[in-house]
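Quick notes on the structure that follows.
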Amino acid sequence: MAEIDIDLRAAINAVSDVVQNRPRPLREFDQIYMKTADMVLQSEFVARWADGQRLAFIGDGDAISICVAYLHHREILPYGPSEIVVFDFDQRICNAVERFADKERLETLGSCLYNVLDAFPESGAFDRFYTNPPWGASNDGESVKVFMQRGMEATGYTGQGMVVVADDPNLDWPKRVLARLQGAALDAGFFVQRMPTHVHSYHLDDNPDLRSCNVIVNALSGEGQTVKSEAIRDADRLAHFYGRNLIPHVRYVREKPRLDYGKANQSEYEFELLEESR
Ligand SMILES: C[S@@+](CC[C@H](N)C(=O)[O-])C[C@H]1O[C@@H](n2cnc3c(N)ncnc32)[C@H](O)[C@@H]1O
């Protein structure tokens, strides 16, 4: 890894601001958040990789998009993308992006409510894509392929993408998923350029040691492809999408408006009063 000369305290505190703004994860849609130290390192890595580029995030519960834009805006990192758009089907995540961008005046950052099962709305509008998809343990990586396909469409099948997937030498399924990801990348006209292994860990109760890697794919040709983006409704591609027997059945997760965002919800606690206060 290249030597990084940044103010680590400022970077961690900035990422802490972002973590504070993240909605709680919905496990049924494979929202499992990256741990904070790994977010700092991942954000630096992504900011450097996508410096000056238009970057599309295909899903981003982790909020790496916000960290990258914020660290650059605060000049904690001297590099970062020229534009970032988060495409996610969870309105809470899109709103968290918009809320943070608005509060901190992050002019390069925006979001779009979008389900990967639908045709991609902005084909070819980006130079790079990033995705940390459902990891496809029960469908040999088909869900990874769906998210990666949308990323490739975002770049018009040019440029580069970063796909974050499980990476564990002691398990068989991550190897099968990595092999299928690499096969699909080749079929789509991309090759795997780099793959830093075992770099992130997650708040995952049933497997806290499971790590992931960054697979960086690069288009073989700068010409791109004019492939029309289409909806995906093929039952074979959607089986076990979010885990065994969990097929997609939700188009969008809608946010219920709350006035106390970022603070404890009143349904979570009650006060037991001091004697003299009763
Ligand atoms: C599937 S999770 C993977 C784990 C990752 N660490 C996270 O929690 O962000 C990644 C993102 O994909 C989004 N997502 C899940 N299903 C989607 C869908 N059908 N269309 C668009 N985004 C989706 C989730 O809301 C989440 O933000």
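Summary of values
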quantity: Helices (runs of 4 or more DSSP H) fully within the stretch 1-103 counting 2 or more residues that are of a type in the set (Val, Ile, Thr) and closer than 30 Å to GLY156 by Cα; calculated: 36-49, 64-73
quantity: Selection status of SER143, surrounded by fewer than 23 Cβ atoms within 10 Å (Cβ to Cβ), in contact (Cβ under 8 Å) with a residue 40 or more places away in the chain and touching a Gly at 6+ places or on another chain (Cβ under 8 Å); calculated: no
quantity: Where a residue in the stretch 29-57 is within 27 Å of ALA239 (Cβ to Cβ) and its partner, wherever it lies, is away from the ligand (no atom under 15 Å from the Cβ) and not in a helix (DSSP H, G or I), with Cβ under 6 Å and at least six apart; calculated: ALA56/PHE126
quantity: Strands (runs of 3 or more DSSP E) contained in the stretch 158-233 and holding at least 2 residues more than 22 Å from ASN139 (Cβ to Cβ) and out of contact with any Gly (no Cβ under 8 Å at 6 or more places or on another chain); calculated: 190-194
quantity: Boolean, SER111 is at pLDDT 95 or above and either in a loop (DSSP other than H, G, I, E, B) or more than 12 Å from the chain's Cα centre (by Cα) (or both); calculated: yes
quantity: Failed item, numbered, when ASP102 is tested on (1) away from the ligand (no atom under 15 Å from the Cβ); (2) at positive phi; calculated: (2)
quantity: Unmet criterion (only one of (1) under 16 Å from the mean Cα position of the chain (by Cα); (2) buried (at least 16 other Cβ atoms within 10 Å of the Cβ)) for PHE100; calculated: (1)
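The values are calculated or read from the model by the stated rules, or taken from the named source; none is laboratory data. No experiment lies behind these values; they were computed from the predicted model shown. Counting neighbours? That spans all protein chains shown, and the Cβs are built from the backbone with ideal geometry, glycine included.
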